[in-house]
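I have placed the structure first, in the form of structure tokens, so that the comments after it can refer back to it.
The values are calculated or read from the model by the stated rules, or taken from the named source; none is laboratory data. Remember, it's a predicted structure, so these values are computed and weren't measured experimentally. All Cβ positions, even for glycine, are placed from backbone atoms using ideal geometry, and neighbour counts span all protein chains on display. The protein model used for the area step is the full one, side chains on, heavy atoms only, and it has no ligands, DNA or RNA in it. Shrake-Rupley method; radii C 1.70, N 1.55, O 1.52, S 1.80 Å.
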Amino acid sequence: MSLLARNTVDRLDRPSAYYVSKNKRRRFNDRDEDEPQQEEKPDEKLKNATTLYVGNLSFYTTEEQIHELFAKCGEIKRLVMGLDRFNKTPCGFCFVEYYTHQDALDCLKYIGGTKLDERIIRTDLDPGFEEGRQFGRGKSGGQVRDEYREEYDPGRGGYGRAYDEQRQREEDEYGAGR
Amino acid sequence: MAENDRRNQGYRGGRKRRYRDDDDFDRRPQRRRYEEPLFAQVRRQLLTIAESAARRAEDDVQGIAKTVADNYEDEEIRGDFVNIALDLVLEQPMKIPFIAGTVLVAHSLKPELGSEVLSKAAEALQKYIDIGAWREVKLLIRFLGILQPVYEGDGIFPLLEELFARAVDLQTASSEDLLGLELVKIIQFTIPYVMLSPATGFEAQASALLEKTDIIASTPHALVDLVNTFSPEENQEAAGQSVISLMQTQLQREANQGWELKCLPRPWKDVRDAETDEPKSFESVTKVPFPTVTVPNPVLNGARPLFPEVYLSVYANQEVDTVPSTTDISSSLIRDALVDTINLLDFNRVATAKFLIDIDCYFTTTTFVKRATPFDRMRELAGEVQPWKPEDVAVDAVFSQLFQLPASEHKLVYYHSVLTECCKIAPAAIAPSLGRAIRFLYNSLETMDLELSNRFLDWFAHHLSNFGFTWKWSEWVDDLDLPAIDPRMAFIQGALDKEIRLSFAQRIKGTLPDPYPKLITAAKEKDTPEFKYSSEMAPYSKQGQELMQLIRKKASDEEIQSVITAIEDQAKSQGVEDPKIPSTDAFVTSLCFVGSKSLSHVLSCIERSKDRLLAIGTESQRARCQIITSVMEYWVDQPGIAINIIDKLLNYTILTPLSVLEWALSESVAAGTILSKPHIFEMISATVGKVTNRMRQIVAARAQPGLYEPQLSVIDETLVRERTDMQSLFKYIEDSIVSIAAGSNDQQMERGDGSGTLPEDAIIRQWGRRWLRVFRRKAAVEESFISDALANATPLGTQAPPVSGREGATDGDLDIADADAP
């Protein structure tokens, strides 16, 4: 029956594995309860999504730069910078909201995985921004992924914060022991 | 090895399963399975047909055909084969000869299999003809054309004749017709494939058909000049021919040379008969009638708007040919297959780029030189038989789409991304090709269509931003002595500004060789531009600072008003004609300064002062212009931010589109020199784009079926009003620029001795002509869009049918509300 019911190569405008698996996990937990809840398909929430989560930004990338790149896929309705929960400084992600679903899909296809401020950025379709989501959820206020990162990333505050602390502590102890 | 590579690219069926996908229980296989089920194997082979330089495509063709024919009883295999074959035809056009070859061989082994493919193809073809999806029609007919030896009688020719008859009808009915030309194009791009097929004895029919298409294809359409990469007025020599007129000449030449078609593969050629081991003759296969396909009369056009296409090559006029010349039919055949591939696969730019890099897999082995052959080596190779440089041919096709007029099929950034991916896959091979393309475009800046030179600018900056902003700036050093309004100098400055917008000034400065860094002034490196009222010397400096403090601490409207009044009183006492101007300047400049931290800061400042700004805007035209002046002056060194703020002010309706035009084309026109600034063109295009987008939404609402009175009249009134507004906008542009193009603008006349012979005068007049051409084209395109869309709209006064069908009417209200969204 095909005649392009499926494409001959993968599409880049699908929700990411991260989004899908996150939802699956939730569904799995639901199932442990006695009453199996009416589960929502992940695709359903994204059917008309106009918002994108944008990740792997440098902490120094400005709204203007993001705007400059993302406006290539359509007029931007709203741009919400991701902030460190405590310092209220950019912590490397943002939400971009377009006026149309098509613009958001085009952005996944044409901009996700390309460079902004000389970093490969990632884009993911998002069901929509809600107050509170602009803040990092990591222990130290930034994004979780920046806590334990072992590689040095000058665009994202150097080493992961928790990792860095531990390193520092070890170094100090080593010094004290001598 | 090759197969493993491919599996990870995520072709259909090759996806890795993760155990979490299985909700109910863990179904991970306990050990790796080595046996691939046959249907999966066929599917994979078919999807990757001809993709590997390591295998012979002929073996792919025969192998698949044999497996499928041998397992004809297996429904899954058969179904997959038919479906995937046709999907590939519609999505990966470069593979059509290989798919058709497979079907040919399969048919010779098992005629039922051929018939099944044919009937499914015909069914799809009928559907696409009915809805007017002409690219799909072209591809399916091409596929069916290669299958010519399996048909009884004349095979595909009667269908082509019928399409031609429709084209004639359309052309006779209107000289502006474009659909007829599209049908002729389909016929032209089918004939070579029919002649390529193993069928023999159709030369006379092909020639007869070619004779017929000649009149239509050789008569230039009125719109060709308007969509040409180069306006013939500016550069007659570079102005390209239309695709169909070019193809017509090439086809005639090819017919005279016995249809050599040397670039197209014939993967069925060395198929041998299983019994006799003689070369297989496809003349003796079981013949079937060509499937019934009816062409409605009249035919209609589907969703894609049609325009004449012009052949563009960014590798024209090189000292050594690296791409086929326009006399060679290969130029059209390869380009057509590439262009369709690019436009069809916009949902996976990585796959598109891969196909482009692998271009040499899909044409005959003598077509291209080895990948990544350096240009200098091409010079040595230049001989009698000239193979082409695959990277150049591929890149050329992408540029042809990026530079399509009046509009590219997809958002321009798609084509940017394809070029980026190509560079990522094969940097050493692609980068030098891009370099030569950039040189051609740069050297064409003066005469290229202005919209396209701006697309070039935008692509250039975006592309460099993906590759560390490295470019051989040194080769343009000599041009730095040109006047600022020279197209090349404007390009260089514009490119640097755009690079900065994607990055930051210091970084860009660091990428530039001497003497370029001086182009990035100290002011450009400042994150927060100076607040002019900080200087005691500035008029109204005290009030300006006060105003800024008040805005910063979100003071009440009364407090702000008292300062505004103070400014206006002082202005009046000094005899200023319009005291609103200094007060507006102080207010807007303060807003910009307070909001300079980021876009959202300035937006929230504007949001808070919305009522005041709206009031200024409605009070006087000059005050409205002053809003723009203040924004543009505050951000003069970072024009990207300025035009972004203007854009938002338009959305708030604080500014009207006309006021932006007035500001640029009258207030600040500076004897026409403003026309050389890329960001001004960008701002005006965006402003006009807002108006035309809105117009199109209203037209769509008006043209939707099932709309009745009284909604019909309501929408129609809006439409008439907006249409008049749009027309007067275009008229304003025309009237302002026509005088610049003619050199009769007042300010121009006052320059020098007024003779218009200053060296810069000629340059300004050229800018004027190029601007005119762009906006005349936009006006024409919008008018034709509106009349096309309204041609079949419900006439005014139509009442809803008595009982049913009321639902449609309420929809109208909703849609017009939607049209108001920015």
Low-density loop positions, trypsin sites (Lys or Arg not before Pro), segment B:336-427 - DSSP coil, at most 14 other Cβ in 10 Å | B:Lys370
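Mind checking the mean number of beta-carbon atoms from other chains within 10 Å of the Cβ atoms in A:106-115?
Mean number of neighbouring Cβ atoms from other chains: 6.
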Which of the residue pairs B:Lys411/B:Lys610; A:Lys115/B:Lys389; A:Lys45/B:Lys138 have a Cα-Cα distance greater than 30 Å in the structure shown?
-> B:Lys411/B:Lys610; A:Lys45/B:Lys138
What accessible surface, in Å², does a 1.4 Å probe find on B:Asp788, ignoring ligands, DNA and RNA and rounding to the nearest 10?
-> 110
Would you mind putting A:86-94, B:327-335 in packing order, based on average other-beta-carbon counts within 10 Å, highest first?
-> B:327-335, A:86-94
Could you work out how far helix B:111-131 tilts from the main Cα principal axis of chain B, as a 0 to 90 degree angle to the nearest 10?
-> 30
Quote to one decimal, in nm, the extra length available between B:Arg439 and B:Arg272 on full extension: 0.36 nm per residue of separation minus the C-alpha distance between them.
-> 55.2 nm
Taking the Cα atoms only, what angle lies between the long axis of helix B:807-819 and the longest principal axis of chain B, rounded to 10 degrees?
-> 50
Report the full-extension gain for the segment B:Glu233 to B:Arg721: residue separation times 0.36 nm, less the Cα-Cα distance, to one decimal in nm.
-> 172.2 nm
Only helical DSSP H runs with n ≥ 4 go in: add -39500 (n - 2.57) per run for chain B, normalise by residue count and round the 222 nm mean residue ellipticity to 500 deg cm²/dmol.
-> -19000 deg cm²/dmol
Rounded to the nearest 0.05, FRET efficiency between A:Glu130 and B:His601 (Cβ-Cβ, R0 22 Å) equals 0.50
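Could you work out the mean count of beta carbons from other protein chains within 10 Å of each residue's beta carbon in A:76-82?
Mean shielding by partner chains, rounded to a whole number: 2.
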Counting only protein heavy atoms and rolling a 1.4 Å probe, how much accessible area do A and B lose on contact, total for both sides, in Å² to 100?
-> 4400
Provide the per residue accessible area, probe 1.4 Å, for the protein assembly as shown, rounded to a whole number of square angstrom.
-> 45
Within segment B:202-226, what residues put their amide N at less than 12 Å from the label point 7 Å along the Cα-to-Cβ vector of B:Glu260?
-> none
For the protein assembly as shown, the percent of accessible surface on carbon and sulfur atoms (probe 1.4 angstrom, ligands and nucleic acids excluded) is 51
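What whole-number value in cubic angstrom gives the convex hull volume per residue for the C-alpha atoms of segment B:614-751?
In segment B:614-751, the Cα hull volume divided by residue count equals 125 Å³.
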Charge-dipole axis of chain A as Lys and Arg at +1 and Asp and Glu at -1 on Cβ define it, positive-most pick from A:Phe86, A:Gln166, A:Tyr19 = A:Tyr19
Fraction of alpha-carbon pairs over 15 Å apart in segment B:181-240 - percent | 61
Per residue convex hull volume, Cα only, segment B:526-655, in Å³ is 96
How big is chain B in terms of Cα radius of gyration and Dmax, in angstroms?
-> 31.2, 109
How big is the equivalent ellipsoid of segment B:599-665 along its three axes, where each semi-axis is √(5λ) from the Cα gyration tensor, reported in whole Å from largest to smallest?
-> 17, 16, 9
Give the ranking of B:Ser659, B:Ser535, B:Ser739 by solvent-accessible surface, highest area first, calculated with a 1.4 Å probe.
-> B:Ser535, B:Ser739, B:Ser659
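Could you pull out the GluC sites (Glu not before Pro) across segment B:536-617 that fall in loop regions by DSSP (anything but H, G, I, E, B) with no more than 13 other Cβ atoms inside 10 Å?
Here the GluC sites (Glu not before Pro) that fit, given the DSSP loop and packing criteria, are B:Glu536, B:Glu577.
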Rg ratio (alpha-carbon, reference 2.2 N^0.38 Å) - the protein assembly as shown = 1.04
Nearest-0.05 FRET efficiency for B:Ala700 and A:Val144 at R0 = 45 Å, using Cβ-Cβ distance, is 0.50
Relative to the isolated chain, which residues of segment B:341-379 have their accessible area cut by 40 Å² or more in the presence of all protein chains (1.4 Å probe, heavy atoms, no ligands or nucleic acids)?
-> B:Asp346, B:Phe347, B:Asn348, B:Arg349
By the mean-Cβ-within-10 Å protection proxy, highest first, A:137-143, B:500-506 rank as B:500-506, A:137-143
So for the protein assembly as shown, taking the charge dipole from beta-carbon charges (+1 Lys/Arg, -1 Asp/Glu), which of B:Met695, B:Leu412, B:Ser534 sits furthest toward the positive end?
-> B:Ser534
Past 31 Å, Cα to Cα, is the threshold; run B:Lys354/B:Lys472; B:Lys553/B:Lys648; B:Lys509/B:Lys542; A:Lys88/B:Lys526; B:Lys370/B:Lys472 against it and keep the listed order.
-> B:Lys509/B:Lys542
Give me a single rounded figure for A:116-123: the average over its residues of other chain Cβ atoms within 10 Å of their Cβ.
-> 2
Which log10 I(q)/I(0) values, to two decimals, does segment B:329-516 give at q = 0.08, 0.09, 0.19 Å⁻¹ under the Debye formula with one point per Cα?
-> -0.28, -0.35, -1.38
Can you give the accessible area of A:Asp106, probe radius 1.4 Å, in Å² rounded to 10?
-> 10
Segment A:48-169: proportion of alpha-carbon pairs further apart than 23 angstrom, % = 30
Cα long-axis angle, helix B:678-703 against chain B (0 to 90 degrees, to the nearest 10) = 70
Can you tell me the order of B:399-410, A:153-164 when each peptide is scored by its average per-residue count of other Cβ atoms within 10 angstrom, highest first?
-> B:399-410, A:153-164
Set of segment B:388-406 residues, backbone N closer than 18 Å to the point 7 Å along the Cα-Cβ line of B:Asp788 = B:404-406
Compute the accessible area of each residue in segment B:443-469 twice, once for its chain alone and once with every protein chain present, using a 1.4 Å probe on heavy atoms, and list those whose area falls by at least 40 Å².
-> B:His462, B:Asn466
Amide N proximity, segment A:98-128 versus A:Asp153 label position 7 Å along Cα-to-Cβ, cut-off under 13 Å = A:119-123
